[in-house]
Amino acid sequence: MTDQHGELDAALERVIEAARHHLAAVRAAQGRIDDDDVWQAYVALNNASFAYDEQLMDAFGEVTPWDVESIDPDEADRRFGADEGIEPSDPHPQVISVRQRRDYRVPSVSALIRVADAARREGLPADEEAPPVEGVGEAVLELLQSGDGSLGALDVPELEPLDGVVMVSEVGTPVDLESFDDDDPVGPFQPAADDRLVGRLDEHPFVELDDEPDHVH
């Protein structure tokens, strides 16, 4: 029984020491998320608490208020990427490419240019004159630049959406815009040989149907 008491005292000391190390790691991390030292100290404290609880049950049939399960340190390292600072392996490439195309019909060129002119003037000082928008392409670019840069900026009555497509691909290397000329319409969108198409989403414009279909009598 004496040896059992000694083992129990030693187990309790390990809990206390593990708690001190955990507190020191938490203080040193200063709120950093996923700090490796905090995680290692947490595992040590968890397992020391579990071992003490088990020994207390064996010696006296009593339990602690700690409801913990043993954690395999090696498995925890593999799961959280803390094995000697090695990042966990990922079966997917690190870069995802989203290519989107949306076509539009322009019912009235003059109406589109007017709305783009208004967007260009908005936000300018009253004494500063904005150059006029020239052409449909420049009008669309102006709407994109004055908006949030997404296709949502083109949701205006002056543009009638047609079909579009979105393609998501896993790529090994991100696009390097400096390697393409500004007037290159293909290069930045050309898939590489090792790119893998994950999926394609076809987009069709919403078509309003008549409330009551016409009947032929």
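The values are calculated or read from the model by the stated rules, or taken from the named source; none is laboratory data. All of these numbers come straight from a predicted model, not from anything done at the bench. No Cβ is skipped: glycine too gets one built from the backbone with ideal geometry, and neighbour counts run over all protein chains shown. Surface accessibility is based on the protein's heavy atoms, side chains included, excluding ligands, DNA and RNA. Shrake-Rupley method; radii C 1.70, N 1.55, O 1.52, S 1.80 Å.
The table that follows gives values for the structure above.
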{"read-out": "Calculated P(r) of the chain - Cα pairs past 32 Å, %", "value": "58 percent"}
{"read-out": "Between the stretch 168-199 and the stretch 128-155, the alpha-carbon center distance in angstrom", "value": "25 Å"}
{"read-out": "Cα principal axis extents for the stretch 105-217, largest first, Å", "value": "62, 54, 20"}
{"read-out": "Candidates Asp36, Asp202, Asp183, ranked by Gaussian network fluctuation over the chain, Cα under 10 Å, top entry", "value": "Asp183"}
{"read-out": "Once exposed loop chymotrypsin sites (Phe, Trp or Tyr not before Pro) are cut out (DSSP; at most 13 other Cβ, 10 Å), longest piece of the chain", "value": "67-205"}
{"read-out": "Neighbour net charge for Ala44 - beta-carbon separation under 12 angstrom, K R +1, D E -1", "value": "0"}
{"read-out": "Pairwise Cα inverse-distance average, inverted: Kirkwood Rh of the stretch 1-73 (Å)", "value": "13.0 Å"}
{"read-out": "Among Val171, Val63, Val95, residue whose mean-square fluctuation peaks in a GNM of the chain (springs only between Cα atoms under 10 Å)", "value": "Val63"}
{"read-out": "Sulfur and carbon atoms: percent of accessible area, the chain [1.4 Å]", "value": "52 percent"}
{"read-out": "Mean separation of Cα contacts under 8 Å (6+ apart) over length of the chain, as relative contact order %", "value": "17 percent"}
